[in-house]
Amino acid sequence: MSLKVIIEALSRGISTIHMNIDVGLWFECGAKAFGGRPALFLDRDGVIIADTGYVGRAENVRVLDGAADAIARCNSLGIPIVVVTNQSGIGRGYYGWEGFEAVQREVSTVLVAAGAHLDAVLACAYHAEGCGALRYADHPWRKPNPGMIDMATKRLEIDRSRSWIVGDRVDDLVAGRAAGLAGGTLIASDSAMRQAAASLANPNFGIETTHTLAEAVAALIETGRLAADD
Ligand SMILES: [Mg+2]
């Protein structure tokens, strides 16, 4: 289904748009745009769920401690949650979009039980070592490129200059900086990774480091770095 079809569906008020834009890209969102609000962008593996390596089966999903409550906290404040996830496991042929969808369903089930939900999910399966049509070096959607964040901010009317990203790899933060977000939080205990993240800071892009999404969200809200409109 083309992007044009998605946009037409959105304008008709269809409740959930849920599909592959093309063979290597996924864009799922609700019917409503966010009217210029700031959003919290989240990497998935290692941030919301345990990164056990190429998670492509529902039974391998383990939502990390405190993650659902942290997302619920943002939901209650009216801060949209947008997942942006590289899925080279699909590109490499380890699992398909059906596996990705099954994982997302499982994640949503756990989140809903905690009163939490995701507002949009974008994924990129392209990889330099992908199979067939999914072989694509440096695809603009694949982090550290900002394509997924760019797409979400434009289509969902998100104020990127007040938005933040949380990831467990420096590439997540590089993507956020390239997209013009306000800053990024790295979830990591490794000091070399933390130093690499710190080196990304500039006057327009703040850097934080924490150990969990719950800590990251608490710090962002309590310091006012991430705030919904009144
Ligand atoms: Mg990750």
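The values are calculated or read from the model by the stated rules, or taken from the named source; none is laboratory data. Note that the structure is predicted; figures quoted are calculated from it, not measured. Reconstructed Cβ throughout: ideal geometry from the backbone, glycine too, with neighbour counts over all protein chains shown.
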### Query
Could you list, in sequence order, the residues of the stretch 195-230 that are in a loop (DSSP other than H, G, I, E, B), touching a residue at least 60 places away in the same chain (Cβ under 8 Å), more than 16 Å from Val47 (Cβ to Cβ) and hydrophobic (A, V, I, L, M, F, W, C)?
Ala227, Ala228
### Message
The conditions are (1) in contact with a strand residue (DSSP E or B) (Cβ under 6 Å, 6 or more places away or on another chain); (2) in contact (Cβ under 8 Å) with a residue 12 or more places away in the chain; (3) more than 16 Å from the ligand (Cβ to nearest atom), and Leu173 fails exactly one of them. Which is it?
### Response
(3)
### Message
Of the conditions (1) under 15 Å from the mean Cα position of the chain (by Cα); (2) within 28 Å of Ala196 (Cβ to Cβ); (3) of a type outside the set (S, T, N, Q), Ala68 satisfies every one except a single condition; which number is it?
### Response
(2)
### Task
Looking only at the stretch 160-172, count how many residues are more than 11 Å from the chain's Cα centre (by Cα) and either assigned to a helix (DSSP H, G or I) or more than 21 Å from Ala50 (Cα to Cα) (or both).
6
### Task
Check Ile90, Ile49, Ile6, Ile21 and return the single one that is surrounded by 13 or more Cβ atoms within 10 Å (Cβ to Cβ), at pLDDT 95 or above and under 21 Å from Pro146 (Cα atoms).
Ile90
### Query
Given the residues Ile71, Ile81, which is the only one that is crowded, with 16+ Cβ neighbours inside 10 Å, more than 27 Å from Asp22 (Cα to Cα) and modelled with pLDDT of 95 or more?
Ile71
### Query
Is at least one residue of the stretch 30-46 away from the ligand (no atom under 16 Å from the Cβ), modelled with pLDDT of 95 or more, in contact with a strand residue (DSSP E or B) (Cβ under 9 Å, 6 or more places away or on another chain) and not in a loop (DSSP other than H, G, I, E, B)?
yes
### Query
If a residue has to be touching a residue at least 40 places away in the same chain (Cβ under 8 Å) and either part of a helix (DSSP H, G or I) or buried (at least 20 other Cβ atoms within 10 Å of the Cβ) (or both) to count, how many in the stretch 140-159 make the cut?
11
### Query
Among Ala197, Ala192, Ala201, which is more than 15 Å from Pro80 (Cβ to Cβ), at pLDDT 95 or above and touching a Leu at 6+ places or on another chain (Cβ under 7 Å)?
Ala197
### Message
in a loop (DSSP other than H, G, I, E, B), among the aliphatic types (A, V, I, L, M) and within 16 Å of the ligand (Cβ to nearest atom): is that true of Val83 in this structure?
### Response
no
